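Notes follow the structure.
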Amino acid sequence: MNHPDHPELAEAFNKDFERTTWHDETLWFVRQKRDKAVYPVPEFQDLRTLASEIKDHTLSNLDNYLIEFEENATKNGVKVHWAADATEHNQIVMEIIKNSCKVEGRNARLVKSKSMLTEECHLNGFLEKNNIDVVDTDLGERIVQFRNEPPSHIVLPAIHLKKEDVGETFHKHLGTTKGEKDPQILTEAARQHLRGKFVATDVALTGINFAIAETGSFVVCTNEGNADLGVNLAKVHIACMGIEKIIPKLHHLSVYTRLLARSATGQPVTTYTSHFTKPVKGKEMHIVIVDNGRTQQLGREDFRSSLKCIRCGACMNTCPVYRRSGGHSYDFTVPGPIGAILSPNIDLHKHKSLPFASTLCGSCSDVCPVKIDIHVQLYKWRQIVGQANELPAAKKWAMKGMAKVLSMPKVYNLSGKLARGALRILPHGLTHNQSMNPWAKARELPDAPKQSFKEWYEENRK
Amino acid sequence: MKVALFIPCYVDQFYPNVGVSTLQLLEKLGVEVVFPMKQTCCGQPMANGGCEQDSKGVYEHFVETFSEFDYVVTPSGSCTYHIKKHYDIIEQTPAVQKVRKSIYELVDFIENVLKIEEIPNSFPHKVGLHLSCHGQRGLRQANASEITGVRDGQISKLLRKLNGIELTELERNDECCGFGGMFCVTEEAVSARMGQDRIADHLRNGTKVLTGGDVSCLMHLEGIVKRQNAPIKVMHIAEILNGNQP
Amino acid sequence: MFSCSKFHFEGGLGIYLSQKRKMTSREKILASIASNKPTLVTLPNVPIFEGDGSIERFKTVLEGIGGTAVELTTKAECQEAIDKYYHDLVNVASDIVKANVAVNLDTTKEILEQVDLAVIQGEIGVAENGTVWVPESNMLNRALPFITQHLVLVLDKNNIVANMQQAYDKLEDIGNYGVFIAGPSKTADIEQSLVIGAHGARSMMVLIY
């Protein structure tokens, strides 16, 4: 099955020079806001180390913490479910909704706040097929839901859209004036529209940012208030989490709540940091714990630390490649640098171009609040792609050829001499033929000197 | 101390002047330098391309070439990084371990082994410094903006001491140039765009001479400069410190 | 999957049992974790970092995130403050100042929707980020802080701490539900333009006494 890979999608993205500039500058602006928030915190690097080490420890004791979490949550009157994969997750969510809502003459109604896990499981489509109306209430998510697109960023779902695009979408779906693009007015329209949905909903679903083993509680971080509004007006709260969202103790939250928003958007903290422990009397609370490939990643020594991710998106904002290719070019729920080290675990063949969609500049690793060595893992995934014979044939044989030549000094010297010789003789039109030589699309080749350094040394120094 | 010079493959073939400047500079600083003729390459391009297993022969050849020396100096942060970090896949014989410790990027060697803080020279030009990722975030030879807002590092320290020099203040002090090895052709669109954005930043802020520690970056940026006919001269830091003028 | 070797080497009883009963997902997941997790890594100790826990700092940061801070001499001055800043708001829910909308656990959505202003007690303020801990027991109804158009939190200045380590240290019990609220609701989802007042409160004030 042939599907476009990152280079192809990135090339298409770059065709619009101005829009690429706009996308790059918008995300760089978010990176700058992050820097401004980070620099004044003297212990920020210590916090990163703590956050990293707490998660390293947790992953090494994950089963026991999950059991502890389940025990405590259950004692609190929360129902805990386990889903091995996306299909099971979707099934469980659907059953909870159907069992708790006996509605007549209409579909059951669900409001959802942001949950990348549910995107990963393609929950919305499944529920719609089963006669459940789903409304994404995070503004960015609602926008892409209207447009029938996936989000392009895990924190800023609609970052790839200009306000004119949003205006168009809202004109179509919410009846705002044609051409209206004032974010204030558009947001107000969404507020009114979604208020109605919150009040009318049967069930509310949220993600989980942190699940605390010690108390069986979980924490949801939002800026808009949509998670709490939905949950507190609904009869039933379903909270979905990947197994890696566990942290051991309540006071560990102090570390993550100081890192998350600063890394994600440059705010000192999200507007709402909501701690859920027990449902209101008469209402239901459910937690769905999901594997869906995570335990497999846990078993990969070089890549297990990617499970420490707290989904802040800082790596995307800083990545010069992400900024100039957009989230959709990764074709995976979680794009960008973290996506490129999570996705090959799920489907090595489909995502083989992602570890190479990088210059290994290392900026991602330096902004990661939990110190995932992303750029090191990108390098290591490349070796696995190579060994699984997933490299394009031309590239593979070129690399093997180079390796051979470069281990033999005499052959290397001669090849170099021939290459330079050819470059000096051949006409510019040929050496810089853009369809044969991709380097030459935007660059001149270096001038080929008459002598290599070795030849100069031999002549002048020996 | 026995010091060897390692000239990266693409410098050897396409930018021999950088090699010459490196050699002359080290000699001016009082170092007796040996250049082992049988050297070829550190193996980075293949390894970054996913073929590190195929590169073992190149790694072993490198170690064989350089293991007798106390220091191996090279005008390349990326080669230095690769040898230090990625030669862990071959058997860690004493020779391998020695080479991984004795490989030094040129400026790092000057400041931390020779303990030289200033190279008195005149360079009355507006200079834009490009911080190469391997040297900066890999080897921590300069501050990273992800960690601190203070812009400082080994190369800028030496540059600032040059007579008449004016260092450009860039908008994005340490964004990657977009070369990335094979990335420059496999993800050509993004690579070119990244390089163009770097050049635009330099042009907006008055750079007349663009310099850095890695020829790989400079080769890519110079390619764009030449295609655009931009009024920028590209010089490796070794050339500037050696006293060459643009 | 059963391979030839498994069939030969595994005890007959084991095969019988594993064929008889499928593992639940819970069991599968926990077993998979047990076999894939690394050797135990030490849990670090989180120090209680020091910092600036002054009222000034809290006010500056809160204002930076779109909230308003007003200092009072005593808690009794709250009514005066509300009369001054919110005199044109009609439907008020509160257990601290004069209220005309009674709100409790059983209040209907229809009534909650009408609330213009909610004035409730905050317990801990955090200077580094302007956030205030509001436990359920102070909310009157869990939906109130979010459904109200405008929110006022009342905070004892002695309960302002410097950072989240100090806040969680001070927080003895998170109860059944509790929220750190930092300023009014907001979004920047439309082209990174900051809009104050997304789905939650359009404005937020902290009265510090």
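The values are calculated or read from the model by the stated rules, or taken from the named source; none is laboratory data. Just so you know, these numbers come straight off a predicted model, no measurement behind them. Positions of Cβ are generated from backbone atoms using ideal geometry, with glycine treated the same way; all protein chains shown enter the neighbour counts.
Report yes if A:E70 is at pLDDT below 95, assigned by TED's automatic domain parsing to the domain that holds A:A158 and either among the acidic types (D, E) or buried (at least 17 other Cβ atoms within 10 Å of the Cβ) (or both), otherwise no. Explain how you work it out, then say what you get.
Details: at pLDDT below 95: no; assigned by TED's automatic domain parsing to the domain that holds A:A158: yes; either among the acidic types (D, E) or buried (at least 17 other Cβ atoms within 10 Å of the Cβ) (or both): yes.
Criteria not met by A:E70.
Out of the stretch B:99-141, which residues are of a type in the set (S, T, Y) and part of a strand (DSSP E or B)?
So in the stretch B:99-141, the residues of a type in the set (S, T, Y) come out as B:102, B:104, B:122, B:132.
Those that are of a type in the set (S, T, Y) and part of a strand (DSSP E or B): B:Y104, B:S122.
Given the structure, is A:G125 away from chain C (no Cβ under 11 Å), part of a helix (DSSP H, G or I), surrounded by fewer than 24 Cβ atoms within 10 Å (Cβ to Cβ) and over 18 Å from the mean Cα position of the chain (by Cα)?
Criteria met by A:G125.
What's the total number of residues in the stretch A:274-300 that are at the interface with another protein chain (Cβ under 7 Å from one of its Cβ atoms) and basic (K, R)? Talk me through it step by step, then tell me what you get.
As a first pass, look at the stretch A:274-300 and keep what is at the interface with another protein chain (Cβ under 7 Å from one of its Cβ atoms): A:274-278, A:280, A:291, A:295, A:298-299.
Adding the requirement that they be basic (K, R) leaves A:278.
Residues meeting the conditions: 1.
Any idea which of (1) surrounded by fewer than 18 Cβ atoms within 10 Å (Cβ to Cβ); (2) within 19 Å of B:L218 (Cα to Cα); (3) not basic (K, R) is the one A:N460 doesn't satisfy?
(2)
If we keep just the residues of the stretch B:34-69 that are out of contact with any helix residue (DSSP H, G or I) (no Cβ under 6 Å at 6 or more places or on another chain), within 19 Å of A:N413 (Cβ to Cβ) and more than 8 Å from every other protein chain (Cβ to nearest Cβ), which is surrounded by the fewest Cβ atoms within 10 Å (Cβ to Cβ)?
The qualifying residue surrounded by the fewest Cβ atoms within 10 Å (Cβ to Cβ) is B:V34.
Please work out which one of (1) more than 10 Å from chain B (Cβ to nearest Cβ); (2) within 15 Å of the chain's Cα centre (by Cα) is the condition A:S365 fails and give its number.
If we test A:S365 against (1) more than 10 Å from chain B (Cβ to nearest Cβ); (2) within 15 Å of the chain's Cα centre (by Cα), just (1) comes out false.
Could you tell me which of the residues A:T359, A:T431 is free of Cβ contacts under 8 Å to residues at least 60 places away in the same chain, within 7 Å of another protein chain (Cβ to nearest Cβ), of a type in the set (V, I, T) and closer than 28 Å to B:K226 by Cβ?
A:T359
Within the stretch B:141-185, work out how many residues are away from chain A (no Cβ under 14 Å) and either more than 25 Å from B:E118 (Cα to Cα) or without any contact (Cβ under 8 Å) to a residue 60 or more places away in the chain (or both).
Here the count works out to 14.
Quickly run through the stretch A:73-97 and pick out the residues that are within 11 Å of another protein chain (Cβ to nearest Cβ) and buried (at least 18 other Cβ atoms within 10 Å of the Cβ).
Correct list: A:V78, A:V80, A:H81, A:W82, A:A83, A:A84, A:E88, A:H89, A:I92.
Hand me the list of strands (runs of 3 or more DSSP E) wholly inside the stretch C:99-209 holding 3 or more residues that are surrounded by 24 or more Cβ atoms within 10 Å (Cβ to Cβ) and within 8 Å of chain A (Cβ to nearest Cβ).
C:177-181
Looking at the structure I just gave you, is A:K395 within 21 Å of A:V321 (Cβ to Cβ), facing chain B (nearest Cβ under 7 Å) and modelled with pLDDT under 90?
Yes, satisfied.
Quick one: which of A:A12, A:A37 is touching a Pro at 6+ places or on another chain (Cβ under 9 Å), assigned to a helix (DSSP H, G or I) and under 30 Å from C:G51 (Cβ atoms)? Full working, then the answer.
On the way: A:A12 fails: under 30 Å from C:G51 (Cβ atoms).
Going through A:A12, A:A37 in turn, just one is touching a Pro at 6+ places or on another chain (Cβ under 9 Å), assigned to a helix (DSSP H, G or I) and under 30 Å from C:G51 (Cβ atoms): A:A37.
Has the stretch A:375-396 got any residue that is closer than 30 Å to A:V41 by Cβ, touching a Gly at 6+ places or on another chain (Cβ under 7 Å) and in a helix (DSSP H, G or I)?
yes
Could you check A:L348 against (1) more than 10 Å from every other protein chain (Cβ to nearest Cβ); (2) over 16 Å from A:V155 (Cβ atoms); (3) crowded, with 24+ Cβ neighbours inside 10 Å and say which number it fails?
(3)
Scan A:T222, A:T257, A:T271 and give me the residue that is facing chain C (nearest Cβ under 9 Å), touching a Pro at 6+ places or on another chain (Cβ under 9 Å), touching a residue at least 24 places away in the same chain (Cβ under 8 Å) and buried (at least 24 other Cβ atoms within 10 Å of the Cβ).
Just a single option satisfies the conditions, and that option is A:T271.
Quick test for you: out of A:Q32, A:Q45, pick the one residue that is free of Cβ contacts under 8 Å to residues at least 40 places away in the same chain and in a helix (DSSP H, G or I).
Working: A:Q32 fails: free of Cβ contacts under 8 Å to residues at least 40 places away in the same chain.
Going through A:Q32, A:Q45 in turn, the sole match is A:Q45.
Do you know which of the residues in the stretch A:202-219 that are closer than 21 Å to A:N90 by Cα and small (G, A, S) is farthest from the other protein chains (Cβ to nearest Cβ)?
It comes out as A:G207.
Do we have B:E188 as modelled with pLDDT of 95 or more and within 11 Å of chain A (Cβ to nearest Cβ) here?
For B:E188, the condition - modelled with pLDDT of 95 or more and within 11 Å of chain A (Cβ to nearest Cβ) - is met.
Return the pairs, sorted by first residue and then second, in which the second residue is small (G, A, S), the first residue lies in the stretch A:141-154 and is assigned to a helix (DSSP H, G or I), the beta carbons are less than 6 Å apart, and the residues are 6+ apart or on different chains.
Sorted first by the residue in the stretch A:141-154, then by its partner, the pairs are A:I143/A:A158; A:V144/A:A158.
Residues to consider are A:A158, A:A189; find the one that is without any contact (Cβ under 8 Å) to a residue 40 or more places away in the chain and out of contact with any Phe, Trp or Tyr (no Cβ under 9 Å at 6 or more places or on another chain).
Answer to the check: A:A158.
Could you pull out the residue among C:V61, C:V46, C:V70 that is within 30 Å of A:S60 (Cα to Cα) and surrounded by 16 or more Cβ atoms within 10 Å (Cβ to Cβ)?
C:V46
Only one of these is farther than 18 Å from A:R324 by Cα and either of a type in the set (V, I, T) or under 17 Å from the mean Cα position of the chain (by Cα) (or both): B:V209, B:V190. Name it.
B:V209
Restricting to the stretch A:401-415, give me the number of residues that are surrounded by 16 or more Cβ atoms within 10 Å (Cβ to Cβ) and out of contact with any Lys or Arg (no Cβ under 7 Å at 6 or more places or on another chain).
Qualifying residue count, the stretch A:401-415: 8.
With the requirement that a residue be of a type outside the set (A, V, I, L, M, F, W, C) and over 15 Å from the mean Cα position of the chain (by Cα), what does the stretch C:187-201 give you?
Matches in the stretch C:187-201: C:T187, C:D189, C:E191, C:Q192, C:S193, C:G197, C:H199.
How about the stretch A:1-45: which of its residues are among the charged types (D, E, K, R) and either in contact with a Leu (Cβ under 7 Å, 6 or more places away or on another chain) or exposed (fewer than 15 other Cβ atoms within 10 Å of the Cβ) (or both)?
A:E8, A:K15, A:D16, A:E18, A:R19, A:E25, A:K36 - these are the residues of the stretch A:1-45 that are among the charged types (D, E, K, R) and either in contact with a Leu (Cβ under 7 Å, 6 or more places away or on another chain) or exposed (fewer than 15 other Cβ atoms within 10 Å of the Cβ) (or both).
Kindly check whether there is at least one residue in the stretch B:70-91 that is among the β-branched types (V, I, T) and surrounded by fewer than 15 Cβ atoms within 10 Å (Cβ to Cβ).
yes
Is it the case that C:Q192 is polar (S, T, N, Q) and at pLDDT 95 or above?
no
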